[in-house]
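Working notes, structure below.
The values are calculated or read from the model by the stated rules, or taken from the named source; none is laboratory data. Remember, predicted model here, so these are calculated numbers, not experimental data. Neighbour counts are summed over all protein chains in view; Cβ atoms, including those assigned to glycine, are modelled from backbone coordinates with ideal geometry.
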Amino acid sequence: MNKSLRKAVIAGNWKMNKTPAETTELINSIKPLVKDADCDVVVCVPYVDLFAALDAVKGSDIKVGAENCHWANSGAFTGEISADMLKAIGVPYVIIGHSERRQYFGETDNTVHDRVRAALDAGLTIILCVGERLEERESNITMEIIGAQVKIALAGVSAEELSNIIIAYEPVWAIGTGRTATADQAEEVNGKIRELIASLYSQEDADKTVVQYGGSMNAKNAAELLSKPDVDGGLIGGASLKAPDFAAIVEAASK
Ligand code: PGA
C-alpha cells in the first residue's frame with residue numbers, strides 16, 4: 001500500500017565465492033547492465049574481495065557490503081573483522097544474521113543483536129536476515145520464530161537507527177534449495193514483519209522500512225515476488241553470481 005515510500009534494494013550475497021580478480025570481473029560485467037536501475041543495488045562479498053569490489057564499483061551507483069561483522073570494536077577475536085574496520089575501508093553495508101551463520105557458526109539471536117549494535121554504532125547500513133526452518137513452518141510457529149528474531153535483534157535500536165536497517169526475510173528451506181517461497185508466502189511474512197515493526201515503532205517507521213525477500217530468487221521468479229506490496233527487494237545468493245541474472249532481477253525491481 002505504501003510501497004512508494006520505499007526504494008527497493010537488490011543485494012547480492014556472494015557467500016564464499018570469487019577471488020579478488022573474479023570480483024573485479026563480475027562487477028565490471030554487472031555495471032553496464034544495471035546503470036539505469038531504479039532501485040538500490042548492493043553486492044555483499046567475502047572480506048578479501050572488499051578492496052577489489054570498492055575499486056570496481058567506482059563510477060557506478062552499486063554499493064558494497066560485507067557478509068558479517070564482529071560485535072566488538074577490536075580485541076582478542078582471532079579470525080574476526082569488526083564493523084569499525086569495515087567502516088574504515090569505506091564499506092557501507094553489512095549482512096548480519098544470515099541463516100548460514102546461524103546454522104554453521106553458532107550465531108544466536110543474542111549475537112545477532114550485538115553485531116547489529118556494533119554495526120549501527122559504526123554507521124553501517126545493515127541487512128538483517130531472519131527466517132524460519134522447515135520444521136518451524138510445518139509446526140505453524142513461523143511468526144513466533146521470526147518475531148523473536150526481529151525483537152531481539154532490534155532491542156534498544158531507536159527509530160532513527162531503524163532507518164539504517166533493511167530486514168531480509170529468508171525462509172531457511174528456500175535458501176540455495178531452488179525451492180522459492182510463493183509470492184503469497186513471501187508477502188504474508190513480509191507483511192507481518194511490517195506489522196511487527198509498526199507495533200514496536202510506529203506505522204510511519206514501518207512504512208519506511210525496507211523488507212526484502214531472499215531464498216532462491218532468480219531472473220524468472222523475481223518479477224512476481226517483487227510485485228507484492230510488502231516485498232521491497234531481494235537478497236540474492238546463487239543468481240547474484242551471474243551478471244545477466246542479477247541484472248534481470250535489478251530490472252524487475254526497477255519497474
Ligand atoms: P539463494 O541464497 O538465492 O542462493 O537461495 C539467498 C541467500 O542466502 O541470501
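Matching residues to (1) of a type in the set (S, T, Y); (2) within 16 Å of the ligand (Cβ to nearest atom); (3) farther than 22 Å from S216 by Cβ; (4) in a helix (DSSP H, G or I):
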position: I146; (1), (2), (3), (4): no, yes, no, yes
position: Q149; (1), (2), (3), (4): no, yes, no, yes
position: G156; (1), (2), (3), (4): no, no, yes, no
position: E160; (1), (2), (3), (4): no, no, yes, yes
position: I167; (1), (2), (3), (4): no, yes, no, no
position: W173; (1), (2), (3), (4): no, yes, no, yes
position: G178; (1), (2), (3), (4): no, yes, no, no
position: A181; (1), (2), (3), (4): no, yes, no, no
position: D184; (1), (2), (3), (4): no, no, no, yes
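Return the only residue of L86, L50, L54, L26 being within 16 Å of the ligand (Cβ to nearest atom), in a helix (DSSP H, G or I) and among the hydrophobic types (A, V, I, L, M, F, W, C).
That would be L26, the only listed residue that is within 16 Å of the ligand (Cβ to nearest atom), in a helix (DSSP H, G or I) and among the hydrophobic types (A, V, I, L, M, F, W, C).
Just give me the residues in the stretch 211-244 being within 10 Å of the ligand (Cβ to nearest atom) and surrounded by fewer than 24 Cβ atoms within 10 Å (Cβ to Cβ), in sequence order.
Matches in the stretch 211-244: S216, N218, G237, G238, A239, L241.
Just the residues that are out of contact with any strand residue (DSSP E or B) (no Cβ under 9 Å at 6 or more places or on another chain) and assigned to a loop (DSSP other than H, G, I, E, B), please, taken from the stretch 186-215.
Y201, S202
Going by the conditions given, is N68 surrounded by fewer than 18 Cβ atoms within 10 Å (Cβ to Cβ) and either part of a loop (DSSP other than H, G, I, E, B) or of a type in the set (S, T, N, Q) (or both)?
Considered against the rule, which asks whether it is surrounded by fewer than 18 Cβ atoms within 10 Å (Cβ to Cβ) and either part of a loop (DSSP other than H, G, I, E, B) or of a type in the set (S, T, N, Q) (or both), N68 comes out as no.
Yes/no matrix, rows are residues, columns are (1) modelled with pLDDT of 95 or more; (2) over 18 Å from A119 (Cβ atoms); (3) crowded, with 16+ Cβ neighbours inside 10 Å:
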site	(1), (2), (3)
I10	yes, yes, yes
N13	yes, no, yes
I27	yes, yes, yes
G59	yes, yes, no
G106	yes, yes, no
